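This report refers to the structure that appears directly beneath it.
The values are calculated or read from the model by the stated rules, or taken from the named source; none is laboratory data. Just so it is clear, the structure is predicted and the values come from calculations on it, not from any experiment. Cβ atoms come from the backbone with ideal geometry, glycine included; neighbour counts cover every protein chain shown.
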Amino acid sequence: MLRFWVFMAVLSCSAFGATGAATIDAAVEQMYNFDFPASQETLNQCIAAHPKDPLPYAFRAAADLFYEMDRLKILESEFLVSDERIVAKKKLQPDPTVRAQFYKALDDTASRAEAALRANPDDRAALFSMCIAQGVATDYMALVEKRQFSSLGPAKRSNSYAQRLLRLDPKYYDAYLTTGFSEYILASMPFIVRWFVHFDNVSGNKERGVENVRLVAREGHYFKPFAKILLGIAALREKRPQEARDLLADLTRDYPENPLFRKELAKVTATIGAAGN
């Protein structure tokens, strides 16, 4: 599932300077509050000021993905804890305008990041931008377009960019979300599929994957909330509703304008109450 948006504030936004970093922070907070128009407007301002930087384009794609996942109710727990619903081939109806914006944002990210990497193969902001872009491409293809097998390509590329980034800086904590997600997903695949699928430096260890995501939930910046979302989904899938409730309570406190967090918290709380009766 998704893996989409955190990195240490200073490192991830170094290309923008202090004002740019604050703008990215504001856009991501608006995104987690599900105020997608405000998030896109903030990103537009950042892009206007820094048109050659790839990072705001990557977040533009992330905001488009979150918008579609919310609109199509993909983010609700009943969908994400059900393997049958995730892999079901029943077609969803992507918004064609948002889809076009999404893929253009991916192209814009790639053209700028690749130019930066040609100049400096160790450009951390460019590596992280590609990690985000390929990650959200994975989620869109798998969950919105229902092209799960095709989504393995961008998933592997996202992991490769994250691995390159972590070799340069093991404390670039947000990149661990991608590596942790890769471990968890590979471990969840049937053996026959794993035989043909290779992710760089990933063995398919579910426990290691969860620990990487927990690290992001503790130390990450932009992806700390998303790490908590993923941990909450994992807790529900593994029948640990109390842990899921605690994580949702944190998210509801930090993002009070997000209606989905409140709704999911109420559902999990009701489930726990019913089980105790």
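If you check Arg245, Arg240, Arg262, Arg253, which single one turns out to be more than 29 Å from Ala27 (Cβ to Cβ) and among the basic types (Lys, Arg)? It is Arg240. Would you call Arg253 in a helix (DSSP H, G or I) and modelled with pLDDT of 90 or more? The answer is yes for Arg253. Kindly check whether there is at least one residue in region 143-158 that is in contact with a Pro (Cβ under 6 Å, 6 or more places away or on another chain) and either surrounded by 14 or more Cβ atoms within 10 Å (Cβ to Cβ) or modelled with pLDDT under 95 (or both). The answer is yes; a qualifying residue exists. Could you go through region 31-54 and let me know if any residue there is modelled with pLDDT under 90, of a type outside the set (S, T, N, Q) and buried (at least 16 other Cβ atoms within 10 Å of the Cβ). No, region 31-54 contains no residue that is modelled with pLDDT under 90, of a type outside the set (S, T, N, Q) and buried (at least 16 other Cβ atoms within 10 Å of the Cβ). If you go through region 124-136 and pick out every residue that is over 13 Å from Arg60 (Cβ atoms) and crowded, with 24+ Cβ neighbours inside 10 Å, you end up with 7. Among residues of region 125-145 that are over 18 Å from Gly220 (Cβ atoms), those with a Cβ under 7 angstrom from a residue that is at pLDDT 95 or above and not in a helix (DSSP H, G or I), sequence gap 6+ or separate chain, pair up as Ala126/Pro54. Of all residue pairs spaced 6 or more apart or on separate chains, those with beta-carbon atoms under 6 Å, a first member in region 179-204 that is at pLDDT 75 or above and a second member that is not in a helix (DSSP H, G or I) are Phe181/Arg3; Ser182/Phe199; Ser182/Val202; Glu183/Val202; Glu183/Asn205. Are any of the residues in region 79-98 crowded, with 16+ Cβ neighbours inside 10 Å, modelled with pLDDT of 95 or more and part of a helix (DSSP H, G or I)? Checked against the condition, which is being crowded, with 16+ Cβ neighbours inside 10 Å, modelled with pLDDT of 95 or more and part of a helix (DSSP H, G or I), region 79-98 yields at least one hit.
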